[in-house]
DNA sequence: CGCTAATCTAGAACAAGTTTCAGACTTGAT
DNA sequence: ATCAAGTCTGAAACTTGTTCTAGATTAGCG
């Protein structure tokens with residue numbers, strides 16, 4: 001029936017969507033579609049690296065990625081969706097990179113802080129890109145919840161990795177949640193020039209103490 | 001010389017602004033100007049209470065407050081500025097209200113958590129307004145830093161009040177910063193439907209433990 | 001190969017934030 | 001009372017995100 005399979009839950013504005021079922025199986029993309037998607041994300045990251053959030057203009061993204069504006073919107077139903085997807089993409093990279101050299105710290109708190117600081121330094125190398133992604137993430141409304149949630153899960157995974165905890169207790173999970181809150185908010189204050197890099201470091205180290213506070217006896 | 005005094009640092013786009021000096025003395029507003037400003041903030045809060053961030057449309061705010069669009073922009077150079085100012089306004093109310101019934105908790109951590117939960121319940125009564133204010137706050141870029149900073153200071157004051165600490169240690173100030181981070185970020189996740197009220201409560205209580213962790217012996 | 005449904009494209013159109021401008025109005029000083 | 005400088009108004013214009021449309025393309029199927 002269809003030519004190229006449906007890109008994704010293209011059921012955005014149109015009435016209700018069989019509201020019960022989620023989107024368990026994302027329809028497989030054609031090779032050309034996969035390529036388009038990749039071009040779009042690449043253009044997005046590129047533009048973001050230049051001028052941050054404002055520099056990612058949908059018309060420019062479309063042009064840079066050689067795709068019609070309508071097509072761009074079919075793949076990513078809004079600028080926020082696009083930037084959050086860009087963040088997912090970058091986060092995967094990051095997680096891969098971080099995995100290679102696990103942190104050296106003695107305690108879980110040290111390792112988590114070290115990992116986050118490493119991520120922070122990576123962001124510092126592309127502050128505009130960081131700006132675009134983080135702003136999009138916190139500005140996202142309910143319509144982007146699934147995607148934002150995915151980013152959150154990925155972040156959680158990175159932190160748990162750093163902790164080296166197989167079976168975190170509920171208390172530890174709470175601590176991780178709080179760490180993520182602090183991480184995002186601290187990034188915001190840094191990006192908007194209201195906190196220095198040193199200040200962010202302190203905040204991260206401070207919040208990471210919560211981990212030891214909730215840690216069971218080290219096995 | 002001027003008719004009604006300059007509203008404020010009207011030095012937004014135009015070249016540099018004697019970049020050294022801050023804005024120590026905001027020029028005193030005429031009575032009529034003060035009234036206009038108040039009408040605008042009222043209209044902003046009213047519209048926000050209805051439909052949240054998106055419902056605060058500059059043209060509507062201008063109309064509701066009986067002010068020309070250009071004038072609105074003279075008072076508040078962007079929608080974000082307007083909403084952050086609206087938040088400042090609401091925060092003052094809140095601080096006043098909170099002062100009246102100080103929290104009952106035994107420990108500083110309990111008192112802070114109690115205070116924040118009280119604030120949270122207030123926000124729950126006007127979730128749309130909360131949405132508009134918090135989204136504006138986290139979306140604000142460098143051009144709004146002074147105003148956002150002011151909000152941050154006010155929040156800090158509320159928390160320190162709840163702690164009942166006259167001379168907080170640097171460590172405690174760090175803890176307060178982290179609490180604020182968590183507070184903002186937790187609100188965001190709640191507003192975008194990714195966390196329940198219960199979850200926010202847990203996060204707040206979790207992060208508040210940091211206070212006891214850094215508390216000196218109780219005098 | 002030829003069909004058919006879905007996708008892609010180019011471009012116009014719309015919406016809301018922001019800017020601009022000419023003219024009417026206020027205010028404080030002379 | 002008059003004047004100059006700064007404000008306010010009303011309306012149009014501009015920008016960028018988003019939607020819509022008609023027609024050209026593409027993918028899977030018989």
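What the table shows:
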| quantity | calculated |
| --- | --- |
| Selection count, the stretch A:41-54, where residues are crowded, with 16+ Cβ neighbours inside 10 Å and within 13 Å of DNA strand D (Cβ to nearest atom) | 6 |
| Positions within the stretch B:69-102 being more than 16 Å from DNA strand D (Cβ to nearest atom) and either assigned to a loop (DSSP other than H, G, I, E, B) or over 18 Å from the mean Cα position of the chain (by Cα) (or both), in sequence order | B:100, B:101, B:102 |
| Sole exception among (1) surrounded by fewer than 17 Cβ atoms within 10 Å (Cβ to Cβ); (2) under 21 Å from residue B:188 (Cα atoms); (3) within 16 Å of DNA strand D (Cβ to nearest atom) for residue A:131, by number | (1) |
| Qualifying residue in the stretch B:33-55 (condition: near DNA strand C (Cβ under 10 Å from one of its atoms), closer than 23 Å to residue B:127 by Cβ, in a loop (DSSP other than H, G, I, E, B) and at pLDDT 95 or above) | no |
| Any hit, the stretch A:10-20, residues being more than 10 Å from DNA strand D (Cβ to nearest atom) and at pLDDT 95 or above | no |
| Of all residues making up the stretch B:64-78, the number that are surrounded by 14 or more Cβ atoms within 10 Å (Cβ to Cβ) and more than 11 Å from DNA strand C (Cβ to nearest atom) | 4 |
| In the stretch B:89-125, the residues that are exposed (fewer than 12 other Cβ atoms within 10 Å of the Cβ) and closer than 22 Å to residue B:211 by Cβ | B:99, B:101, B:104, B:106, B:121 |
| Single residue of B:157, B:162, B:140 found to be within 13 Å of chain A (Cβ to nearest Cβ) and at negative phi | B:140 |
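One line per residue, one yes/no per condition, for (1) away from every other protein chain (no Cβ under 11 Å); (2) at pLDDT below 95; (3) out of contact with any strand residue (DSSP E or B) (no Cβ under 7 Å at 6 or more places or on another chain):
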{"position": "A:152", "(1), (2), (3)": "no, no, yes"}
{"position": "A:171", "(1), (2), (3)": "no, yes, yes"}
{"position": "A:202", "(1), (2), (3)": "no, no, yes"}
{"position": "A:218", "(1), (2), (3)": "yes, yes, yes"}
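The values are calculated or read from the model by the stated rules, or taken from the named source; none is laboratory data. For clarity, every value in this text was computed on a predicted model and none was experimentally measured. So basically every Cβ, Gly included, is an ideal-geometry build from the backbone, and we count neighbours across all protein chains shown.
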